[in-house]
Amino acid sequence: MNGKRFSLGKAPFLRKADLTRENTSGFMLDFMIALAPLIIFGWVKNGLLPFIDNNTNFWGMIYPLILPLAGGAFSFILEFLWYKFIVTNKPINDRLRTTYAPIPGLLLGMIVSVSTPLWVLLIGTIFATVIAKLLFGGFGHNIFNPALVGFLFLTTYSYSGLMSGTTPFGSAGYLNPTEAATIVSGATPMGVFNSDPFTGVSQLIEEYGLLNMFLGFTPGAVAETSALLCLVALIYLLVRKVINWRIPVIYIGTVFVLTYIIGAFNGYAGTLDYALFGIFNGALMFGAVFMATEPVTSPRNPNGKVIYALGLGVITVVFRFASRIPEGVAISILTMNMLTAIIERFATKLRVEPNKRKVVLQYSLVGLLLLGIASFPVVSSIPEKVEAPAYEFEYVSNEQDYTTFNFLYHINDGEAEFVVTTDQSHNILEISNSDYDNDDAKALIEEIISSNKINNFVISASETVDSLVVVVNTRGFGGNITSTISYDNDFIITDFSVEYNETYHMGEWQEANGHPRDVLPAEIIANQDDLDSVNVIAGATVTSNAIIRAVGVANGYVDYLESIEELTLVGKTQDFETLDFVYIFRNADGKFVVNVNLDGEITSTIDETIKTDVEAVVEANKFTDYIESATEDTLVIKTKAYGNNPAITSTIKFDGEFKIVEYTVVYNESYDSEYNNWDAADGHPKDVIPSQVIENQDDLDEVELVSGATVTSRSILRAAQIALDYLKHLEALNE
């Protein structure tokens, strides 16, 4: 030999020849101690805290603790049975002391979703322990990390659907019960990252904060989300000399650097937030500390560890940015497991190679190979330079369409004017010139709309026989103000109410001045012909002016009604006295009413010159939600069902205090074929909604719809609202 010291960076547990009954047990104890805080944290985050918040039951509280413990128990039992009945050439106690028997199932139970059924975990544990470990000859002979093989088996086959389902104790997929109740999308940070790796990340950082991501209070697997506890475990295992620093540190560092470079090309050059997001979320920290360092499947040679760790980092970034796989850690580790033997031979041979130039050359080639692979996700993530479109749009004006209450934006394209229709949230509904119905043009149009938003507008308007009610939005000091203004048939304001969330506990406002919503409506009604006479509230002038401005917006709608020339339907309602349908029309002669009975027959006398047109409008605007019959204590209400199904019939009984006391629903809808997301465990709307209505009839917003049957649920809820409106009418008559 050449006299060099030949070292493989030996750690006692890494070589099968060094395994003894004592040191193996000691290392497994250290490993379990390092895992314990993560298991406890996973239980607190996913079980105890949701239980304290009343989002789960007792079983849901202990389930996140049961999963890893059950996985460990499954693995131990499987190895016990294996060495008891199949491989019996050595005392079973000696075998189990030196094989890390519980570890595959324990780790698997920590990296699955909190919604994973125990029987699915058992199948994954069988695959991890028997297929990936014992069939290879047991500990010391397996090629792949057993826990990750079991995990990949579960996520690749049909079990992934079971792992992402909803449980009776409130969890859903990788969301614990509290997260499932508050996160609408149902996605984990890495799921959002996979669908939108750049804009989505900034939104996630704003929503959760990097500190919460570091601590682990984000959606994810049962017990792998805390980067902090993974770092604590890393330090402990390094101090105890259970693992070597090269693999976890270089692995995490490689992902950090490559993620920063990719982020720098996409607007994150001046901050480390993007790179920190990449290492704090998903399974990276957990995989780097507990999976990539697995004693049998990682290299022993120090230089081999470096190559192995660099490969892990590069492949993880490739999967994260250049594939549809949202994580990449599990597949990266298994991929490098396949190359461990090759890396070991390569690095060991070069370690004793006397020709330094040859050593440098070969390591340089490996470096170039890894650099070439790493360049793929970097280059593919560089945004393409988009040339500015040739459109030259110019804003002309905007207005509200009082027939639909949508907004109309008039825009000039340099030659002619076109109109863009939006809803009241300023989302584009239609572009009159189809040449501009493309992404480039829409981007410019949206900029114009965003710079010229309509903040004062009519939300809705309804006209009855005796009145007109206009609901108006105006912009106040801290948000939107909703004003409901009622007119009589002479367009005199008879009632005015205001809702907003603004407060006035600072500045010039004094409590003695009163809130604008309480003081101004009466003044406005009294001075509606001269709004300049209305005194604004000192210290709340912006809010006061916004409320006064609402009258001008509503009067704009009144002017529209008075200008109508053609036959126009401006309102419809049901007469609670006769149960007839009432249609409110306007034309050049003003307002007139058409009554229609429950059989659809027009009972009003109509001018023959417009009768045909009126009949056509009535036919096109038939009532779908209405009271079919009413007795002294019972209402029968019809509401529209899902699709073309027959109407839903609700029978509602009420007492002498005008409260609903009994509610039954009849309909013929089927949920097995028409509602893909409906779960029988959620119950039928006809059974679930009525009892909630009775309990929450003072506030129907508290009624929870049945998931997968929301259309039917809302229909039943509409019947309840009609009944409550009718009871309010009766109560007013009784007074």
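Rule-based calculations on the coordinates, nothing more; no lab input. Keep in mind the model is a prediction, meaning the values are calculated, not measured. Cβ atoms come from the backbone with ideal geometry, glycine included; neighbour counts cover every protein chain shown.
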Legend entry - Amide hydrogen neighbours beyond the local backbone of residue 662, cut-off 5 Å, H modeled: 653
Inset, instruction - Please tell me the relative contact order of the chain in percent, rounded to the nearest whole number, where contacts are Cα pairs under 8 Å and at least six residues apart. - result: 6 percent
Legend entry - Per-residue Cβ neighbour rank within 10 angstrom, fewest leading, 308, 268: 268, 308
Legend entry - Euclidean distance between Cα centres, the stretch 689-715 to the stretch 266-284, Å: 43 Å
Legend entry - Length released on extending from residue 182 to residue 609, taking residue separation times 0.36 nm less the Cα-Cα span: 148.0 nm
Legend entry - Under 5 Å, built H, 5+ apart or other chain: amide partners of residue 572: 463, 584
Legend entry - Average silhouette area of the stretch 568-620, convex hull of alpha-carbon atoms, in square nanometres: 3.6 nm²
Inset, instruction - Using only the Cα atoms of the stretch 175-306, construct the convex hull and provide its projected area averaged over every direction, in square nanometres to one decimal. - result: 8.9 nm²
Legend entry - Table column - 3J(HN,Hα) (Hz), the stretch 592-601, Karplus curve with 6.51, -1.76, 1.60, x for Gly and Pro: 8, 10, 10, 9, 10, 7, 5, 8, x, 8
Inset, instruction - Subtract the Cα-Cα distance of residue 136 and residue 415 from 0.36 nm times their separation in residues, and report this length gain in nm to one decimal. - result: 92.9 nm
Inset, instruction - Work out the length of the dipole vector of the chain about its Cα centre, built from +1 on the beta-carbon of each Lys and Arg and -1 on the beta-carbon of each Asp and Glu, and round it to the nearest 20 debye. - result: 9780 debye
Legend entry - Neighbour cut-off at most 13 other Cβ (10 Å), DSSP loop, GluC sites (Glu not before Pro), the stretch 637-724: 657, 704
Legend entry - Cα centroid separation - the stretch 614-668 against the stretch 553-584, whole Å: 23 Å
Legend entry - 3J(HN,Hα) from dihedral phi, the stretch 162-174, Karplus parametrisation 6.51/-1.76/1.60, rounded to Hz, x for glycine, proline: 5, 6, 10, x, 9, 9, x, 9, x, 6, 8, x, 8
Legend entry - Net +/- balance of residues flanking residue 294 in space, Cβ distance below 13 Å, scoring K and R +1, D and E -1: +3
Inset, instruction - Quote the relative contact order of the stretch 394-454 in percent (integer), defining contacts as alpha-carbon pairs under 8 Å separated by 6+ residues. - result: 25 percent
Inset, instruction - Give the order of 141, 515 when sorted by the count of other beta carbons within 10 angstrom, beginning with the fewest. - result: 141, 515
Inset, instruction - Please provide three numbers in whole Å: the alpha-carbon extents of the stretch 9-183 along the principal axes, with the largest listed first. - result: 53, 31, 30
Legend entry - Relative contact order, percent, the stretch 19-118 [alpha-carbon distance under 8 Å, six or more residues apart]: 33 percent
Inset, instruction - Mind ranking 342-348, 226-232, 276-282 by how tightly packed they are, going by the mean number of other C-beta atoms within 10 angstrom, highest first? - result: 276-282, 226-232, 342-348
Legend entry - DSSP-loop GluC sites (Glu not before Pro) across the stretch 394-499, with at most 11 other Cβ within 10 angstrom: 415
Legend entry - Theoretical ellipticity at 222 nm over the chain - DSSP helices of four or more residues, -39500 (n - 2.57) apiece, nearest 500: -14000 deg cm²/dmol
Inset, instruction - Return an integer: the convex hull volume of the alpha-carbon atoms of the chain, in Å³ per residue. - result: 235 Å³
Legend entry - Residue-by-residue Karplus 3J(HN,Hα) for the stretch 114-126, coefficients 6.51, -1.76, 1.60, Hz, glycine and proline x: 5, 9, 5, x, 4, 5, 5, 4, 4, 4, x, 5, 4
Inset, instruction - Quick one: which residues, 5+ away or cross-chain, put their amide H under 5 Å from the amide H of residue 591? H built at 1.01 Å from N. - result: none
Inset, instruction - List 582, 661 from most exposed to least, where exposure is judged by having the fewest other Cβ atoms within 10 Å. - result: 661, 582
